[in-house]
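Contents: one structure, followed by commentary.
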Amino acid sequence: MANHHIKNGEMLVYSSVISLTPPYSFERLLRRLETHPDPQLLVDVQESTLRRVFRVGTRPILVSLQFAGTMEQPFIRLHTEATLSVSEQQLLEKTIRHVFSADLDLNPIYEHMRQQQPMVILTERFRGLRLMLDSDLFQSMVKTIIGQQINLAFAASLTQRLMELAGDVMVDETGHKFMAFPTEEAVARLEPADLRPLQFSQRKAEYIIDYARAIVSGTVDLDRLWQMEDDEIIEHLTAQRGIGRWTVECLMMFGMGRPDLLPAADIGLRNGLQMVYELAEKPDEKEIRRIGEDWRPWRSVYSLYIWEAVGAVRRKETWE
């Protein structure tokens, strides 16, 4: 449902109402953002509003999103003052539905999770939580490479520095600056020496720039990934320097929103499983995959809830 405001024959404002599949918890989304900072977002907790720049094609668009309704009847009010064509409106709404996992039905997943006794309490404590996805696959992969072997806060800082160096900056009426993630072309034009002063390691700088150049040259076709099976994507992308299985699994989970990924090498998942399943020792990758067999076909959502249990403890929430 969209509303268009016309002035002097020119469309000035585009607004729309985006439905969400219940249950949907904006509160849980905000809680997760406390431990997973996103430098692209401006959050107004009182107004239940997020503001950020989305790319429509390569064009940066500043958008305001207000989460409204209830957990069982949720929706988003979308607003932008950019002039958009009909195709741009459709692409923007498709992107937003993707980013906020608008069409994911958690109810059958919860039914499945209740069969795994340690998970029951998490379905209640984190009801309505779902993954907030990256808006495009280039950004998702670069953020994942940045996040390899460093903590979340430092990863967010490096991501912000990359956006300031090579992205687009938009300023709203209050003077607040919003950053759009750089395009593949913009990153491909960089050299590792451009990123080293920003505290990127030499190898991480090389991996990011190599990946951007592989996309620009056509060696990696991001659009084709959507038609590929998980194993095909892993084989295709791990051929690139600096990209291993864990990195591709994160891309498929956080970039593509695929429901049955298990990044078993993830340290946070190890910590969370030990806590939630009350294990004497941290499980190794083999043990995580064994436990994860009972989570199919929704291992991505199970992993999210395990991670969030760790996040809740860090935030000093009582989740037991």
Of all helices (runs of 4 or more DSSP H) fully inside the range 161-230, the set with 1 or more residues that are modelled with pLDDT of 95 or more, touching a strand residue (DSSP E or B) at 6+ places or on another chain (Cβ under 9 Å) and of a type in the set (Gly, Ala, Ser) is 184-188
Going through the range 276-320 in order, the residues found to be over 23 Å from the mean Cα position of the chain (by Cα), part of a loop (DSSP other than H, G, I, E, B) and basic (Lys, Arg) are LYS282, LYS316
Does VAL17 satisfy the criteria of being open to solvent by less than 30 Å² (accessible area, probe 1.4 Å), at pLDDT 95 or above and either in contact with a strand residue (DSSP E or B) (Cβ under 8 Å, 6 or more places away or on another chain) or not in a strand (DSSP E or B) (or both)?
no
Scanning the range 39-54 residue by residue, the ones that are surrounded by 16 or more Cβ atoms within 10 Å (Cβ to Cβ) and either part of a loop (DSSP other than H, G, I, E, B) or among the basic types (Lys, Arg) (or both) total 5
message: Condition (residue is open to solvent by 60 Å² or more (accessible area, probe 1.4 Å), closer than 18 Å to VAL310 by Cα, without any contact (Cβ under 8 Å) to a residue 40 or more places away in the chain and not in a helix (DSSP H, G or I)) applied to the range 151-160: is it met by at least one residue?
response: yes
Here the qualifying pairs (Cβ atoms under 7 Å; residues six or more apart or on different chains; first in the range 284-313 and closer than 14 Å to ASP260 by Cβ; second open to solvent by 60 Å² or more (accessible area, probe 1.4 Å) and outside any helix (DSSP H, G or I)) come out as PRO297/PRO259; TRP298/PRO259; SER300/PRO259; VAL301/PRO259
Note: among GLU72, GLU93, just one is over 22 Å from PRO39 (Cβ atoms) and in a helix (DSSP H, G or I), namely GLU93
The correct count of residues that are farther than 21 Å from LEU129 by Cβ, of a type in the set (A, V, I, L, M, F, W, C) and within 18 Å of the chain's Cα centre (by Cα) in the range 63-91 is 2
Can you say whether THR174 is in contact (Cβ under 8 Å) with a residue 40 or more places away in the chain and polar (S, T, N, Q), as far as the supplied structure shows?
no
- Task: With respect to GLY218, determine if the residue is closer than 27 Å to VAL310 by Cβ and either more than 20 Å from the chain's Cα centre (by Cα) or of a type outside the set (Ser, Thr, Tyr) (or both).
- Result: no
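One line per residue, one yes/no per condition, for (1) touching a Phe, Trp or Tyr at 6+ places or on another chain (Cβ under 6 Å); (2) open to solvent by less than 20 Å² (accessible area, probe 1.4 Å); (3) among the small types (Gly, Ala, Ser); (4) at negative phi:
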residue: GLU184; (1), (2), (3), (4): yes, no, no, yes
residue: VAL187; (1), (2), (3), (4): no, yes, no, yes
residue: ALA193; (1), (2), (3), (4): no, no, yes, yes
residue: ALA214; (1), (2), (3), (4): no, yes, yes, yes
residue: SER217; (1), (2), (3), (4): no, no, yes, yes
residue: TRP226; (1), (2), (3), (4): no, no, no, yes
residue: ASP231; (1), (2), (3), (4): no, no, no, yes
residue: GLY244; (1), (2), (3), (4): no, no, yes, yes
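The values are calculated or read from the model by the stated rules, or taken from the named source; none is laboratory data. No experiment lies behind these values; they were computed from the predicted model shown. Don't worry about glycine lacking a Cβ; one is built from the backbone with ideal geometry, like all the others, and counts go over all protein chains shown. The area values use the complete protein model at the heavy-atom level, side chains included, leaving out ligands, DNA and RNA. Shrake-Rupley method; radii C 1.70, N 1.55, O 1.52, S 1.80 Å.
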